[in-house]
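Asks: Here's a structure for you.
The numbers here are math on the coordinates, done by the rules we state, and not lab data. No experiment lies behind these values; they were computed from the predicted model shown. Here the Cβ is made from the backbone with ideal geometry for all residues, glycine too, and neighbour counts use every protein chain on show.
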């Protein structure tokens, strides 16, 4: 299964979550934090910590650990806080 | 009109699966709402489709979940995976979000089976990429067959940490060090519970076997002052042991200090909670059937206090039997007869727990961080900032929201609440329970305004907010 991460193609195993696919592909950090702008990576992988937030197919703030990968999915790294609109 | 069901079960771990299986078997229209894509919860995560071919890696306790899941699938209970529950109220109206759309379900009874989460382990550098929880690493192993490429450092204490170390050994993963933080003083607290544990706990044999498997793993005991260090990502772990500072180069540190109940939903619903001084956590006040202080709302499994997966399934069954009585499906006499095996099994599975609670109690240094250690991962507040807020009059966790926004980020206090409570209580010289906890409100997980706006509403409700 193939996704894109910030425009780069990444191979993923069907059945993996986005967060697991990123880690498996060696993409360690998935966002820069909203307050301090420092890199963060998935921490709990069970939907609790919200550190794996990524933009998926244009939707901000998706919990990467809860979303299964789909063919052609576009994943983008989030930098800092989101803006409204 | 909201969809109505007899019983809504929230969570598809052992408690939820067992509860739904019993309830559906008694003829209740039962729906299971679960955030994950497949049933099993975290303990039996990916049991139906784990890519791990070698069954011995995860061990027999994991595979026990197959039976539970198979019974659930055969039960006739409806399963809504990928569903976030963001609200539950005293009238058992449940707000859910699925595939980007929110709606309500009205339940005659509700069983909250939301399980546990790992206790926060706030050390300097714990927000660095390369630091994860042991539970997270185990999820990667179960669900994706992933293991660390390079030698990994495990730190903390508690059964899950040792289990993960053993599973890594079976998978051929190299462990650079197991840094055991259990203070020697824990034995003083634990020893009086040892006879009960040694004579009756089902975990004695398993625990000894596990410890045996860890022979050969470099292990440090009495570890203190743990730090994760690196610039933008983890490069090394440093700690003190035996009065000497040590440092290990690694790119992966896995932390664990036991698990605590996930109480956000039961708190937000308005259930009464009590402080558990042995397990250092809040837990909902329940009766012998798991009934909470709110009529028709039950809490089952580790979400009602940590007893482990086997006990969780039995607690789920007990709650389901009483829910069936409450809904008029069976009378109290029949309930008691049907529930007898589950009650007996629960009693057996719970024996000796006090020994484990005492032995693996997290050390104070790990619950009471200092200085610029981040305590709130969402709002990036530090321990020093919490103490400054207390110094100018902040009395408790709920008030701290107004000072530092702790508890108001996306995780809704799940990662900072216990630390904030402990820090404030210590600074004020008060018992931990007395400073209280965050006042938790729905939505207990973030949903978009668009979803809220699109919720079905009555003409009266729409008129009430329309101008003109």
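Asks: Is there a simple number for the mean count of other chain Cβ atoms within 10 Å of the Cβ of residues in B:379-389, and what is it?
Replies: Average per residue, whole number: 1.
Asks: With no solvent and one equal point scatterer per Cα, compute the Debye intensity ratio I(q)/I(0) for the range B:39-143 at 0.13 Å⁻¹ and report its log10, rounded to two decimals.
Replies: Results for the range B:39-143 at q = 0.13 Å⁻¹ read -0.71.
Asks: Now for a separate question. Work out the FRET efficiency for residue B:2 and residue B:64 from their Cβ-Cβ distance, taking R0 = 35 Å, and round it to the nearest 0.05.
Replies: 0.45
Asks: Please compute the Kirkwood hydrodynamic radius over the range B:274-368, one decimal place, Å, based on all pairs of different Cα atoms.
Replies: About 14.4 Å, per the Kirkwood formula over Cα pairs.
Asks: Now for a separate question. May I ask for the distance between the Cα centers of the range A:58-85 and the range A:1-42, given as a whole number of Å?
Replies: Result: 9 Å between the Cα centres.
Asks: By how many nm would the segment from residue B:56 to residue B:372 lengthen if fully extended, with 0.36 nm per residue of separation less the alpha-carbon distance?
Replies: Full extension from residue B:56 to residue B:372 adds 109.5 nm.
Asks: Taking neighbour counts of Cβ atoms within 10 Å as a proxy for exposure, in what order, fewest first, do B:193, B:256, B:73 appear?
Replies: Starting with the residue having the fewest Cβ neighbours, the order is B:73, B:193, B:256.
Asks: Moving on to the next point. With the crude spin-label approximation of a point 7 Å out along Cα→Cβ, what separation in nm comes out for residue B:74 versus residue B:150?
Replies: 4.9 nm
Asks: Something else about it: Report the Cα centroid-to-centroid distance between the range B:48-73 and the range B:448-462 in angstrom, as an integer.
Replies: Their Cα centres are 41 Å away from one another.
Asks: Now for a separate question. In nanometres, what is the gap between the two model label sites at residue B:106 and residue B:206, each 7 Å from Cα along Cα-to-Cβ?
Replies: According to this spin-label approximation, the distance is 4.2 nm.
Asks: Then there's this: Among A:21-32, B:372-383, what's the highest-first ranking by average C-beta atoms within 10 angstrom per residue?
Replies: Sorting A:21-32, B:372-383 by mean packing, highest first, produces B:372-383, A:21-32.
Asks: log10 I(q)/I(0), Debye, Cα-only chain B, no solvent, q = 0.13 Å⁻¹?
Replies: -1.30
Asks: Taking just the C-alpha trace of the range B:368-468, give me its Rg and Dmax in Å.
Replies: Cα only, the range B:368-468: 17.7, 55 Å (Rg, Dmax).
Asks: Report the extension gain between residue B:433 and residue B:337 in nm, rounded to one decimal, defined as 0.36 nm multiplied by the number of residues separating them, less their alpha carbon distance.
Replies: 30.8 nm
Asks: Can you quote the Å³ per residue value for the convex hull of the Cα atoms in the range B:328-421, rounded to an integer?
Replies: Convex hull of Cα atoms, per residue: 175 Å³.
Asks: Label point 7 Å out from residue B:98 along Cα-to-Cβ: which residues of the range B:35-52 have amide N under 19 Å?
Replies: B:35-41
Asks: To the nearest 500 deg cm²/dmol, what mean residue ellipticity at 222 nm is calculated for the protein assembly as shown from DSSP H runs of n ≥ 4 alone, each contributing -39,500 (n - 2.57), summed and divided by the residues?
Replies: Calculated from helices alone, the mean residue ellipticity at 222 nm is -9000 deg cm²/dmol.
Asks: So what's the Cα pair-distance distribution over the range B:1-83, bin width 5 Å, in %?
Replies: With a bin width of 5 Å, the distribution comes to 3, 17, 26, 23, 15, 9, 4, 2, 1, 0.
Asks: Determine one quarter of the surface area of the Cα convex hull of the protein assembly as shown, which equals its mean projected area, and express it in nm² to one decimal.
Replies: That works out to 26.3 nm², a quarter of the Cα hull's surface.
Asks: Here is a follow-up. Please report how far the C-alpha centroid of the range B:363-432 lies from that of the range B:307-360, rounded to the nearest whole angstrom.
Replies: 35 Å
Asks: For chain B, what does the relative contact order come out to in percent, with C-alpha contacts under 8 Å and a separation of six or more?
Replies: In percent, rounded to a whole number, it is 19.
Asks: Would you tell me the mean number of C-beta atoms belonging to other protein chains that fall within 10 Å of each C-beta in A:30-42, as a whole number?
Replies: Per-residue shielding by partner chains comes out at 4.
Asks: Based on the Kirkwood radius over alpha-carbon pairs, what is the Stokes-Einstein translational diffusion coefficient of the range A:2-78 at 25 °C with 0.890 mPa s viscosity, in µm²/s?
Replies: The calculation lands on 204 µm²/s.
Asks: What Rg and what Dmax come out for the range B:80-206 when only alpha-carbon atoms are used, in angstroms?
Replies: Cα radius of gyration and Dmax of the range B:80-206 are 20.1, 53 Å respectively.
Asks: Right, next: Just the Kirkwood number for the range B:126-199, please: inverse of mean 1/r across all distinct Cα pairs, in Å, one decimal.
Replies: So the Kirkwood estimate lands at 14.0 Å.
Asks: Obtain the nm distance between the two label points defined at residue B:344 and residue B:89 by a simple spin-label model: each point lies 7 Å from its Cα along the Cα-to-C-beta direction.
Replies: Spacing of the two 7 Å Cα→Cβ label points: 4.4 nm.
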